[in-house]
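The values are calculated or read from the model by the stated rules, or taken from the named source; none is laboratory data. These numbers come from a predicted model, not from an experiment. Positions of Cβ are backbone-derived with ideal geometry, glycine not excepted, and every protein chain shown enters the neighbour counts. For the accessible areas, the whole protein counts, side chains as well, though only heavy atoms, and no ligand, DNA or RNA atoms are used. Shrake-Rupley method; radii C 1.70, N 1.55, O 1.52, S 1.80 Å.
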Amino acid sequence: MNEQIRAREVRLVGPEGEQVGIVPLERALQLAADVDLDLVEVAPMARPPVCKLMDFGKFKYESALKAREARRNQQQTVIKEMKLRPKIDPHDYETKKGHVVRFLKAGDKVKVTIMFRGREQSRPELGYRLLRRLESEISELGYVEAAPKQDGRNMIMVLAPHRATKAAATAARGSALPRGERESGAAEAPPAEAAGPAGSTGE
């Protein structure tokens, strides 16, 4: 950057991405000084090296914000687990459906597992119907990312929040932070419930 550049001439790119052309290093440094910007080598292996006029401090700050946002988005991709029995009691079903709804509203994916025992294993359609019922009842919040599939004694389906649902959850998390943390991005961890590994709320 600036006086650290050792090439005699550079291919100069303006602050808006416009091509200036090949100019002597001294000329490029003078142009940078004239507009109060830095001369930054962006392609050092090119011949001549490519340099761009930019505010390097602002560039580093924006890059750090993007990296922080990327990490935050990765942390928000959490898979919860909900376990049900094929002959679940109606009250228990409503309770567990409520958990699924809460997870989806928080922007999390939900792995729904139907557990078969004994003779229930010969009636997979019971689990399939239960999963389809759950799918239809949460359709406003999420969709089936992985269709029901038999896995040994279990049947598994993965639900994911709609994009709008996840966006609302992200906005709610942001608005819940103190103003200083929202602006600095200091609070990177999602809420405690969503931050852990796939949690089981089953039997």
From Glu69, Glu81, Glu145, which residue is surrounded by fewer than 17 Cβ atoms within 10 Å (Cβ to Cβ), of a type outside the set (A, V, I, L, M, F, W, C) and part of a strand (DSSP E or B)?
-> Glu145
Does Arg182 satisfy the condition of being closer than 16 Å to Lys97 by Cα, open to solvent by 30 Å² or more (accessible area, probe 1.4 Å) and either modelled with pLDDT under 95 or in a helix (DSSP H, G or I) (or both)?
-> no
All conditions in (1) part of a loop (DSSP other than H, G, I, E, B); (2) touching a strand residue (DSSP E or B) at 6+ places or on another chain (Cβ under 6 Å) are true of Lys87 except (2)
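Go through the stretch 36-78 and give me each residue that's touching a Gly at 6+ places or on another chain (Cβ under 9 Å) and of a type outside the set (Ser, Thr, Tyr).
Taking the stretch 36-78 and keeping what is touching a Gly at 6+ places or on another chain (Cβ under 9 Å), we get 38, 52-53, 64-65, 68-69, 72, 76-78.
Selection gives Asp38, Lys52, Leu53, Ala64, Leu65, Arg68, Glu69, Arg72, Gln76, Val78.
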Does any residue in the stretch 69-82 that is under 18 Å from Val158 (Cα atoms) come within less than 6 Å, Cβ to Cβ, of a residue that is open to solvent by 70 Å² or more (accessible area, probe 1.4 Å) and modelled with pLDDT under 90 six or more places away or on a different chain, and which pairs are these?
-> Glu81/Ser200
Answer yes or no as to whether Val100 is free of Cβ contacts under 8 Å to residues at least 12 places away in the same chain, touching a helix residue (DSSP H, G or I) at 6+ places or on another chain (Cβ under 8 Å) and buried (at least 16 other Cβ atoms within 10 Å of the Cβ).
-> no
Filter pass, Ala164 being closer than 20 Å to Ile79 by Cα, of a type in the set (Gly, Ala, Ser) and surrounded by fewer than 13 Cβ atoms within 10 Å (Cβ to Cβ) = yes
